[in-house]
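Trainee: Below is a structure I'd like to ask you about.
The values are calculated or read from the model by the stated rules, or taken from the named source; none is laboratory data. Computed from a predicted structure; not experimentally measured. Cβ sites come from the backbone with ideal geometry, for glycine too, and all protein chains shown count toward neighbours.
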Amino acid sequence: MDEIEEAISAAYRWILGREADQGGLRDYTHAVRSGQITLQGLREIFLGCPEFWQGRSARGVEERQAINQRVIDATGLVVQSGPFKGMRMVDLSTRGDGDIAPKLLGTYEAELHPALTSFAQRRYDAIVDVGCAEGYYSVGAALLFPNTPVLAYDIDQGALEILAALARANSCEKQMIAGNFCDPATLREVVARYPRSLIIADCEGYEKALFSDAETNGALANSDLIIECHDLWDADITPSIRAALADTHEISVAMACGRDPNAFEFLADLSDWDRWRAVWERRGSRMHWLICEGKKLKS
């Protein structure tokens, strides 16, 4: 089974809660390879299909639309807290609601705030965002690191178009260098040009292939990395990456932590459940990230 088949099988398990049937695996693999759909597009299909909603109520997702609007109106589409405080958002997404409410509140992936705050004190040749989606981290990093080039990669062209709009809204479009698929060879080319980089990766399980190549990892010795690990799809992802980067990086794990929706007064009149939905990130399991600091940068 190759990487595309593994990703499709993982999507079946994670979203539909079952193993892939052979017909579906065959047809979807062909569709992805031929460019008819992307892996992200496949997940959208699964999330919208009757099988996913069977035994579930759509009420929670539907009602978050009203909560999102409450947050949008209260914030004026400006991030309220965290390292990207002050960033202007656009209400566009290629997947669901794009977690617009937690992003505007500044609670989105709060586990990464300490690392981002620490890394913001360093100087980098470039910021590299692999799996940038609509550009929350690409543009946020551009504001943290003015005049530093940001290389943003995503296989979804629609996401890159929203990234461009978000960059324009924050007057940092000149920092953006957009690209599509980032494989190990691409990453080696990037760090050859920008040896001291901050690399942020959220590539839906592909992180195992991206950071398990010895040649690539050797080239990353002068860079810091933040890697979201999707072990819910493959339990070997984190152990593989930790082993591969052990010689070049000091590695810590940021585990999913709590949120405090009560910190925002404009949510105070909502029920407990609705306040929590404002910070809900729709995770399939408890997530974690690897924070990898280049040993050469610390010596």
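Trainee: Is at least one residue of the range 83-97 under 30 Å from Ile4 (Cβ atoms), touching a residue at least 40 places away in the same chain (Cβ under 8 Å) and touching a strand residue (DSSP E or B) at 6+ places or on another chain (Cβ under 9 Å)?
Mentor: no
Trainee: Give me a count of the residues in the range 173-184 that are at pLDDT below 95 and crowded, with 22+ Cβ neighbours inside 10 Å.
Mentor: Residues flagged as at pLDDT below 95 and crowded, with 22+ Cβ neighbours inside 10 Å within the range 173-184 amount to 1.
Trainee: Right, next: Exactly one of these conditions fails for Asn170: (1) within 29 Å of Glu293 (Cα to Cα); (2) among the polar types (S, T, N, Q); (3) surrounded by fewer than 16 Cβ atoms within 10 Å (Cβ to Cβ). Give me its number.
Mentor: Going through (1) within 29 Å of Glu293 (Cα to Cα); (2) among the polar types (S, T, N, Q); (3) surrounded by fewer than 16 Cβ atoms within 10 Å (Cβ to Cβ) one by one, Asn170 breaks only (3).
Trainee: Right, next: Would it be correct to say that Ala246 is closer than 21 Å to Arg283 by Cβ and among the small types (Gly, Ala, Ser)?
Mentor: no
Trainee: Out of all the residues in the range 194-207, is one or more surrounded by fewer than 16 Cβ atoms within 10 Å (Cβ to Cβ) and not charged (D, E, K, R)?
Mentor: Checked against the condition, which is being surrounded by fewer than 16 Cβ atoms within 10 Å (Cβ to Cβ) and not charged (D, E, K, R), the range 194-207 yields no hits at all.
Trainee: With respect to His249, is the statement that it is surrounded by 15 or more Cβ atoms within 10 Å (Cβ to Cβ) and either under 20 Å from Ala120 (Cβ atoms) or among the basic types (Lys, Arg) (or both) true?
Mentor: The answer is yes for His249.
Trainee: Any idea which of (1) at pLDDT 95 or above; (2) touching a Leu at 6+ places or on another chain (Cβ under 7 Å); (3) surrounded by 16 or more Cβ atoms within 10 Å (Cβ to Cβ); (4) farther than 30 Å from Tyr12 by Cα is the one Leu187 doesn't satisfy?
Mentor: (4)
Trainee: Right, something else. Can you name the number of the only condition in (1) on the phi > 0 side of the Ramachandran plot; (2) buried (at least 16 other Cβ atoms within 10 Å of the Cβ) that Arg282 fails?
Mentor: The number of the failed condition is (2).
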